[in-house]
Amino acid sequence: MTVFAVEYVYDAESAEARDAARPAHREWTAALAQEGIILASGPYSDGAGALLIFKAADEQALNELLKQDPFAGASAISGTRTMVWAPVTGQLAGHAA
């Protein structure tokens, strides 16, 4: 499994859509965390986006997973940035293959 850092970017116009979809989004992330697919996630304090750390077989599998996010279905995300990430120190170290 590969570890991916996914950054969501929000714009001010999507605030209402995010608010409406947030309960379903949080249920989705909680279920993935229980399965060990999401290692960590949360919004930035300025409200401009969020960071999610995933484990996935490859980028294609990750992209299929991201399409299932209720935020994606609600058009609450204005952009994403995805990078393979290799944590070498700290609590997430050792999760990268």
- Task: Please name all residue pairs, on different chains or six or more residues apart, with Cβ atoms under 8 Å, provided the first residue is in the range 33-44 and is of a type outside the set (Lys, Arg) and the second residue is assigned to a loop (DSSP other than H, G, I, E, B).
- Result: 39/92; 39/95; 40/92
- Message: I'm told residue 31 meets every condition in (1) at pLDDT 95 or above; (2) outside any helix (DSSP H, G or I) except one. Can you identify the failing condition by its number?
- Response: (2)
- Matching residues, the range 2-13, being outside any loop (DSSP other than H, G, I, E, B) and surrounded by fewer than 18 Cβ atoms within 10 Å (Cβ to Cβ): 2, 5, 7, 9, 12, 13
- Restricting the search to the range 84-97, which residues are surrounded by 10 or more Cβ atoms within 10 Å (Cβ to Cβ) and in contact (Cβ under 8 Å) with a residue 24 or more places away in the chain? 84, 85, 86, 87, 92, 95, 96
- Task: Of the conditions (1) buried (at least 18 other Cβ atoms within 10 Å of the Cβ); (2) in a helix (DSSP H, G or I), residue 39 clears all except one; give me its number.
- Result: (2)
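Here's the yes/no breakdown for (1) in contact (Cβ under 8 Å) with a residue 24 or more places away in the chain; (2) in a helix (DSSP H, G or I); (3) surrounded by 13 or more Cβ atoms within 10 Å (Cβ to Cβ):
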| position | (1), (2), (3) |
| --- | --- |
| 21 | yes, yes, yes |
| 24 | yes, yes, yes |
| 52 | yes, no, yes |
| 61 | no, yes, yes |
| 68 | yes, no, no |
- residue 82 passes all but one of (1) at pLDDT below 95; (2) touching a Phe, Trp or Tyr at 6+ places or on another chain (Cβ under 7 Å); (3) of a type in the set (S, T, N, Q); which number fails? (1)
- Among residues of the range 70-83 being polar (S, T, N, Q) and over 13 Å from the mean Cα position of the chain (by Cα), the residue surrounded by the fewest Cβ atoms within 10 Å (Cβ to Cβ) is 75
- Applying the selection to the range 37-56, what residues are modelled with pLDDT under 95 and within 12 Å of residue 1 (Cα to Cα)? none
- Message: For the condition closer than 20 Å to residue 94 by Cβ and not aliphatic (A, V, I, L, M), what is the one hit in 71, 4?
- Response: 4
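The values are calculated or read from the model by the stated rules, or taken from the named source; none is laboratory data. Predicted model only: the values in this text are computed from it and were never measured. Counting neighbours? That spans all protein chains shown, and the Cβs are built from the backbone with ideal geometry, glycine included.
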